[in-house]
Amino acid sequence: QELATLGDLQDGSQANILLSIITEFTQDFCNVLDGYSQEISLTELNGGARISFVFHEIFANAINSMDPFDQVKEVDIRTLLYNSSGSQPALFVATAAFEVLIKQQIKRLEEPSLKCVAMVYDELVRILTQILNKPVFRRFPTLKERFYATVVDFFRRGMDPTSKVVTQLVTAESSYIN
């Protein structure tokens, strides 16, 4: 009965079987990301829809809920304006004062951006786990473990450059204020 649930081996060599499993895995992963999965849930967001939710709801709300004045007080702004004018009162406010304030605010965008990267990583691992629960992987438990380890390692190796790009983007935006 257990053999019947695992299905028959396909005709062909072991390499063909492995290739078909890998092909099916990649198609399933792409389908889940694109919303074409056969197992669409009615109760929760899944796959690409969940990643979209992370970007368009969670990340956007984190950015929109930031109050630009919660860390900057009026007294700090006044002191900064006095310091930027030097020993003589200025008719116009120096741009250096605004740049200091703006750079502080831009730097605050880095933390929610890095959290967004981590949440997308978590969702990709969740999709992987969901796909690896299919019957074909119950038939080949060692292959399932290798798939998991390899793909998670691939995702993990992508985390550092992605986080670095986010940090560099925030730094670049604060380096040149237009």
Carbon and sulfur: what percent of the chain's accessible surface (1.4 Å probe)? 59
Which whole number of Å³ per residue matches the convex hull of the alpha-carbon atoms in region 27-178? 138
Return the distance in nm (one decimal) between the two label points of a simple spin-label model at Phe53 and Phe98, each offset 7 Å from Cα along Cα→Cβ. 4.1
Taking the 0 to 90 degree range and rounding to the nearest ten, how far is the long axis of helix 95-107 tilted relative to the main principal axis of the chain, both from C-alpha atoms? 20
Taking the chain as a Gaussian network, Cα atoms linked when under 10 Å apart, which of Thr142, Thr95, Thr150 shows the biggest mean-square fluctuation? Thr95
Sparse-neighbourhood loop hits (chymotrypsin sites (Phe, Trp or Tyr not before Pro), region 75-124; DSSP loop; Cβ within 10 Å at most 10 others) -> Phe92
For Tyr176 and Arg138 in the same chain, what is the full-extension length gain: residue separation times 0.36 nm, less their Cα-Cα distance, in nm? 8.3 nm
In square angstrom, what is the accessible area per residue of region 53-178 with a 1.4 angstrom probe? 70
Just to confirm the filter: which GluC sites (Glu not before Pro) across region 71-178 are DSSP coil and have at most 11 other Cβ within 10 angstrom of their Cβ? none
In Hz, Karplus ³J(HN,Hα) per residue of region 17-33 (6.51, -1.76, 1.60; θ = phi - 60°; x = Gly, Pro): 4, 4, 4, 5, 5, 5, 4, 5, 4, 5, 5, 4, 5, 4, 4, 5, 5
Count of lysine pairs, the chain, Cα-Cα under 28 Å, sep. 8 or more residues or interchain, comes to 9
Going by alpha carbons, how many degrees (0 to 90, nearest 10) lie between the helix axis of 74-85 and the longest principal axis of the chain? 60
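May I ask you to derive the FRET efficiency for Leu169 and Ile63 from their Cβ-Cβ distance with R0 = 22 Å, giving the value to the nearest 0.05?
E(calc), rounded to 0.05, equals 0.95.
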Just to confirm the filter: which trypsin sites (Lys or Arg not before Pro) across region 52-136 are DSSP coil and have at most 11 other Cβ within 10 angstrom of their Cβ? Lys73
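Do you know the relative contact order of the chain, to the nearest whole percent, from alpha carbon pairs under 8 angstrom that are 6+ apart?
Working: 89 pairs, mean separation 47.5, N = 178.
Taking the mean separation of contacting Cα pairs over the length of the chain, I get 27 percent.
The values are calculated or read from the model by the stated rules, or taken from the named source; none is laboratory data. Every value quoted in this text rests on a predicted model; they were computed, and no experiment measured them. All Cβ positions, even for glycine, are placed from backbone atoms using ideal geometry, and neighbour counts span all protein chains on display. All accessible areas refer to the heavy atoms of the entire protein, side chains included, with ligands and DNA or RNA removed. Shrake-Rupley method; radii C 1.70, N 1.55, O 1.52, S 1.80 Å.
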